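Okay, so here's the structure we're looking at.
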Amino acid sequence: MIDESLLLEQLAAGDRGAYTALYKYYQPRLFRYLMPFTGNTPGMAEEITQDIFVKVWFRRETFAGLQSFEFYLYRMARNRLIDIFRQEKKRKLLDGELKELEQHDYDPEDELKYREYHQLARTAISLLPERRKQIFELSTQHDLSWAEIASHLNITTAVVKKQLHLASRFIRDYIRQYGDMAVAILVLLMLM
């Protein structure tokens, strides 16, 4: 058994030994917890476990006085699994759309239109206020969840959600103003 409260206080102070002790104690538990959710894929469970403990180290200052580190780890694991399942769902949706597009005859004009609208979208993104652009890019290019963005930028998830909504609306309106709506929707979906 470990003295979790003491180790968390030490971790918050940057003590690597405390981090190692917590890792050695909780890593096997977290790994076993994740296995059924990953289809009993050890590699995926291990990767998620490592991701969580990396985040623990980066957020170490916040753990002083935490009531249940184990519960916190399981909550982080749950949130990470939700993010992974959402990304997988999005990937499958995009794969289906791409297969549907591939079934149509290739038209160089369509390719040119797509490139033009993609450039319009990039221009619209560059016109966003700096903070909104940063939030949008963390979401679309780095695939971070609202919670991860909020934590990274030290803001609330409500602010993240509002900023993403405003960014998407601005980009959509910008493309609508300067281009064709059907292609605008396709480009916006590809960016997300």
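The values are calculated or read from the model by the stated rules, or taken from the named source; none is laboratory data. Since the model is a prediction, treat every value here as computed from it, not as a measurement. Virtual Cβ from ideal backbone geometry, glycine too; neighbours counted across all protein chains shown. Just the protein is used for accessible areas: all its heavy atoms, side chains included, with ligands, DNA and RNA removed. Shrake-Rupley method; radii C 1.70, N 1.55, O 1.52, S 1.80 Å.
Yes or no, residue by residue, for (1) open to solvent by 60 Å² or more (accessible area, probe 1.4 Å); (2) modelled with pLDDT of 90 or more:
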| position | (1), (2) |
| --- | --- |
| 27 | no, yes |
| 37 | yes, no |
| 45 | no, yes |
| 50 | yes, yes |
| 53 | no, yes |
| 57 | no, yes |
| 69 | no, yes |
| 75 | yes, yes |
| 82 | no, no |
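Considering region 6-25 alone, what residues qualify as being out of contact with any Asp or Glu (no Cβ under 6 Å at 6 or more places or on another chain), part of a helix (DSSP H, G or I) and either of a type in the set (Phe, Trp, Tyr) or open to solvent by less than 80 Å² (accessible area, probe 1.4 Å) (or both)? Please lay out each step first, then the result.
First, pick out the residues of region 6-25 that are out of contact with any Asp or Glu (no Cβ under 6 Å at 6 or more places or on another chain): 6-11, 13-25.
Remaining after also requiring part of a helix (DSSP H, G or I): 6-11, 16-25.
Listed by number, the residues that qualify are 7, 8, 10, 11, 17, 18, 19, 20, 21, 22, 23, 25.
Tell me yes or no: at least one residue of region 83-91 is without any contact (Cβ under 8 Å) to a residue 24 or more places away in the chain and not in a helix (DSSP H, G or I).
no
I'd like the residue in region 132-183 that is open to solvent by 60 Å² or more (accessible area, probe 1.4 Å) and outside any helix (DSSP H, G or I) and, out of all such residues, is farthest from residue 80 (Cα to Cα).
180
Residue 32 - would you say it is over 19 Å from residue 143 (Cβ atoms), exposed (fewer than 13 other Cβ atoms within 10 Å of the Cβ) and of a type in the set (Lys, Arg)?
Criteria met by residue 32.
Test each condition in (1) within 16 Å of the chain's Cα centre (by Cα); (2) in contact (Cβ under 8 Å) with a residue 40 or more places away in the chain; (3) over 18 Å from residue 147 (Cα atoms) for residue 47 and report the one that comes out false.
Condition (2) is where residue 47 drops out.
State all residues of region 43-69 that are part of a helix (DSSP H, G or I) and out of contact with any Phe, Trp or Tyr (no Cβ under 8 Å at 6 or more places or on another chain); if no residue qualifies, say none.
43, 44, 47, 48, 50, 51, 52, 54, 55, 58, 61, 62
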